[in-house]
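Scroll down for the structure; my scribbles are underneath it.
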Protein chains: 2
Amino acid sequence: MASRLTQSASAALLCARVCRPAHPLHRTISSFVPGEPERPSMKTTLPGPVSQAKIASLTDVFDTRNVSLLTDYRKSIGNYIVDGDGNILLDAFAQIASIPIGYANTALLAAASTPEMMRAIVSRPALGNFPPTDLEDVLRTGLLRAAPPGLDKVFTAMAGSDANETAYKAAFMWKRQQERGGYNAPFTADELESSMDNAAPGAANGLSILSFKGGFHGRLFGSLSTTRSKPIHKLDIPAFDWPQAPFPSLKYPLDENESENKAAEQLSLAAVEDLLVHYHNKPAAVVVEPVQSEGGDNHASASFFRDLRALTAKHNVLFIVDEVQTGVGATGKFWAHEHWGLTTPPDMVTFSKKAQAAGFFYKNAELRPNLPYRQFNTWMGDPVRSLLFRAIYEQIEEHGLVAHTAAVGDYLYGEIATKLAPKHTGQFENLRGQGMGTFIAFDHPDRDAFLRKVKALGVNVGGSGETTVRLRPMLIFEKGHADILLEALDKAASASA
Amino acid sequence: MASRLTQSASAALLCARVCRPAHPLHRTISSFVPGEPERPSMKTTLPGPVSQAKIASLTDVFDTRNVSLLTDYRKSIGNYIVDGDGNILLDAFAQIASIPIGYANTALLAAASTPEMMRAIVSRPALGNFPPTDLEDVLRTGLLRAAPPGLDKVFTAMAGSDANETAYKAAFMWKRQQERGGYNAPFTADELESSMDNAAPGAANGLSILSFKGGFHGRLFGSLSTTRSKPIHKLDIPAFDWPQAPFPSLKYPLDENESENKAAEQLSLAAVEDLLVHYHNKPAAVVVEPVQSEGGDNHASASFFRDLRALTAKHNVLFIVDEVQTGVGATGKFWAHEHWGLTTPPDMVTFSKKAQAAGFFYKNAELRPNLPYRQFNTWMGDPVRSLLFRAIYEQIEEHGLVAHTAAVGDYLYGEIATKLAPKHTGQFENLRGQGMGTFIAFDHPDRDAFLRKVKALGVNVGGSGETTVRLRPMLIFEKGHADILLEALDKAASASA
């Protein structure tokens, strides 16, 4: 792949995350991926007969009701996903936004076959008790190189849900130590005893995490208590009595609704402050996504997030930015919160999905609890994924893929805004994600049928919220791929008119 | 490895999990592991200078206060763990009981380097939406071959905590559907709305999971609410108001305390029944470990567990057996609950650690919620670990390692009971685990100092509870290894007298 570096990618390599290559769009399809198909190829309706039979049989042992596409990973490559019937689809959904740089990426395959990786698979450490001698090196050459500005430590976890939950645990322990009199203040006998009964004061049942309506932070019990996306995610699961603030509901196009949107953001911030001060279970932290993703790609302005950060500092609660879906380049910055121009970094930034590894970054050493074994579990992450992240990061840097994605996103957004939306009135509503790389979405009045049409045309796309089509291509998505996607969106819209 | 099969292992291969090889103890050290050291070799006190320096440096980016041994996985092999200073220790702790068949196992290294494994690393699926075409085959030739008797379906997860939490979620949804009128009964508008506010009736805040004092089921918010091991695990984390029953505290030796122990078990069962009927947040399930492991290796009789199973059936709550630490052979059965002689299998059996994969087994199709996307997340487990489990299982079967472990455990238990305990009065108290493979433990009056002495002699052992030494060797631990462990225990006890 190195020999395939284009001039623009070399330029990007020099300026790394910040500047954009001069002419990133002159790349043709497959400039990154040797052997990638030239375009989609559909042989059957979906699901085809082979897939149908296999899914029916699989149902005996595995819940298949969520299956979107039975996938042949032996044949999937680059931006293309191949199903059990040999249908070849351009993938603009990327395993729910979790494949960073393409299927069967050759550089990652090389990283996956090193002796180091073999050891990580076979001799898996209990990382807290028996860390590998080279752990610091693996972190410093991998995850920590990608740490958000101002943060320099990492706690690794398994996936997005437990990344968020360990961040929440750190927040609760930090807050309770303050209430107790300081980082090293001792526990009382009452606290020690009541903790074993799940009761206050030992259990911090008077504290909470504040999240936003429409937010999604995972589906385990603590993370689900902060998730406010859809009832189907939450029904019948016990939940903590934690507060939620309204998330600003912006009107589009933004430049025609400035004052109304500003007012919506102020209302949200006022609600946050009220909850921080008055909610009966006091927030220890506020958690927010830079773009509410599962909730329907809801954006807010950079100034909203700056004000939110200031509010958390003012009221001495932690500011947790959930970059599980927005992180690792898709918004045209490595971390989406880099768009905000914060003067004080978040207290914790959580990650997973395209990072393949998971966990949270932080700076304040007091977010490590005051005693060992308070924040602990057997594996504490997976070194297989830390090693893989290092290779992913190297590829992103080497090929300038963040700047590339910013440029491709600008092109894609512009084409939808200036060509598709005017042509198909009402079908590309509330287009959002301008200047946010390929993290683009719009609303469609008959969303699910529209998604099926696009998919039947050979492009895999996903939805979120009630009516939203969300585009989530990989970082190796190029102008040529964008043109194929645009063509499919155009055709599906014509068929929906 | 196949060519190294001993006669007894061949016999074991024929009778698989059930019968024991005739003479498994004639094996010499390293009959399973070519290249394994003959015995421990200590070059420095622990931690040595190299490890000290590396740990100090690592502390800048990673919390090192839980570090037991900075480990060189390049040199660790079979039953031996090597540290950063070249100290070679026999490992009878095995990464908190999570290494099944030895470091750098050659068969697992082969499995780790297949094209299939490379794909699982690089092209990781969102398993619920985009399952691989060969998923059924991977499950049927792997995890499902190892399914506990009577269970035939599996839900995969990432680690023990979320394995338990997804089982709890299944239990809550199952129970609420019953309360609602049946598996397909619709939600009410009030339920849909209140769920988004974390409130009843949509959130099942009137339901609970019943666990036992001393139990450990993980450290995320839901699992931690069922964990009742130590305050340090629970302090400052919000917890659900869920009930706990006393776990019988057996007196040893068992044959001298039969009636008292029977009475303790009856008291526990009576408390369980009382809580099932009267606790204000009604249990949807009871979760229990076959041996309370983190809590101090607390055992109960097979009849206790049979009665517990009967109680759950009587009161229409689910019976979840947490085999995260007990599963995969160490107790001399593949699953520890196979010791109980249940006539009705558990509703769910959770697993992780030595399985390397994680999740829960079940049979009742109604433990799949009635609608898609109720039990769902992005990755839903890790195919890397499912593939690895398959290779682990093949090795266990091929070499008869469960029967082997039962026999080695009998030897180890017998030597401690008849030689060490009488020789060192008071230092091998409450010896437990007879007939439970190598899942053996005892109490020591000065436990932590004793553990340090054993470790300084070149044997890595672990503790649990307040005073317990727990032995957790791998399934490839042989009589020769047991003799080295026994020698170190003897010497450390002499030095502690």
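Structure notes:
- Two-site label geometry, residue B:363 and residue A:425: point separation in nm, points 7 Å out along Cα→Cβ: 6.3
- Sequence of A:51, A:41 when ordered by accessible area, the most exposed leading, probe 1.4 angstrom: A:41, A:51
- Dipole magnitude of chain B about its Cα centre (Cβ charges: Lys, Arg +1; Asp, Glu -1), debye to nearest 20: 580
- Sites residue B:74 and residue A:394, calculated FRET efficiency, Cβ-Cβ separation with R0 25 Å, nearest 0.05: 0.70
- Whole-number percent relative contact order across segment B:117-397, with pairs defined as alpha carbons under 8 Å at least 6 apart: 28
- Computed from point charges on the beta carbon alone (+1 for Lys and Arg, -1 for Asp and Glu), the dipole magnitude for segment B:117-397 about its Cα centre is near 460 Debye.
- Across segment B:423-467, the residues whose backbone nitrogen lies under 20 Å from the label position 7 Å along the beta-carbon direction of residue B:232 are B:442-456, B:460-467.
- Taking all protein chains into account, the per residue accessible area for chain B stands at 32 Å² (1.4 Å probe).
- Chains A and B together bury roughly 11100 Å² of accessible surface, counting both sides and using a 1.4 Å probe on protein heavy atoms.
- Calculated FRET efficiency for the pair residue B:189/residue B:259, C-beta based, R₀ 45 Å, to 0.05: 0.20
- Rounded if a/c under 1.5, otherwise prolate or oblate - segment A:117-397, Cα gyration tensor axes: oblate
- Surface composition of segment A:35-132: carbon and sulfur atoms hold 58% of the protein heavy-atom accessible area at a 1.4 Å probe.
- Taking Cα centre as origin and charging only the Cβ of basic (Lys, Arg, +1) and acidic (Asp, Glu, -1) residues, the dipole magnitude of the protein assembly as shown rounds to 1160 debye.
- For the cross-link pairs B:213/B:423; A:153/B:75; A:230/A:419; B:282/B:314; A:54/B:169; A:230/A:363, the ones whose C-alpha atoms lie over 23 Å apart are B:213/B:423; A:153/B:75; A:230/A:419; A:54/B:169; A:230/A:363.
- Occluded residues from segment B:162-184, i.e. those whose accessible area drops by 50 Å² or more once the chain is not alone (1.4 Å probe): B:169
- Prolate/oblate/rounded label for chain B (Cα gyration tensor, a/c 1.5): prolate
- Relative packing of peptides B:408-418, B:423-433, A:358-368 - highest average C-beta neighbours within 10 Å first: A:358-368, B:408-418, B:423-433
- Shape of the protein assembly as shown, Cα gyration tensor, a/c cut at 1.5: prolate
- For segment B:117-397, with +1 on Lys and Arg beta carbons and -1 on Asp and Glu, the positive-most of B:210, B:325, B:231 along the dipole: B:325
- Ligands, DNA and RNA left out, the accessible area of segment A:245-370 computed with a 1.4 Å probe is 52% carbon and sulfur.
- Label positions at residue B:466 and residue B:106, each projected 7 Å from the Cα along the C-beta direction, are separated by 4.9 nm.
- Taking B:303, A:211 and ordering them by how much accessible surface each has at a 1.4 Å probe, largest first, produces B:303, A:211.
- Extending 7 Å from Cα along the Cβ direction at residue A:487 and again at residue A:280 yields two label points whose distance is 6.1 nm.
The values are calculated or read from the model by the stated rules, or taken from the named source; none is laboratory data. These numbers were taken from a predicted model, which means no experiment stands behind them. Positions of Cβ are backbone-derived with ideal geometry, glycine not excepted, and every protein chain shown enters the neighbour counts. These accessible areas exclude ligands, DNA and RNA; they are computed on the full protein's heavy atoms, side chains included. Shrake-Rupley method; radii C 1.70, N 1.55, O 1.52, S 1.80 Å.
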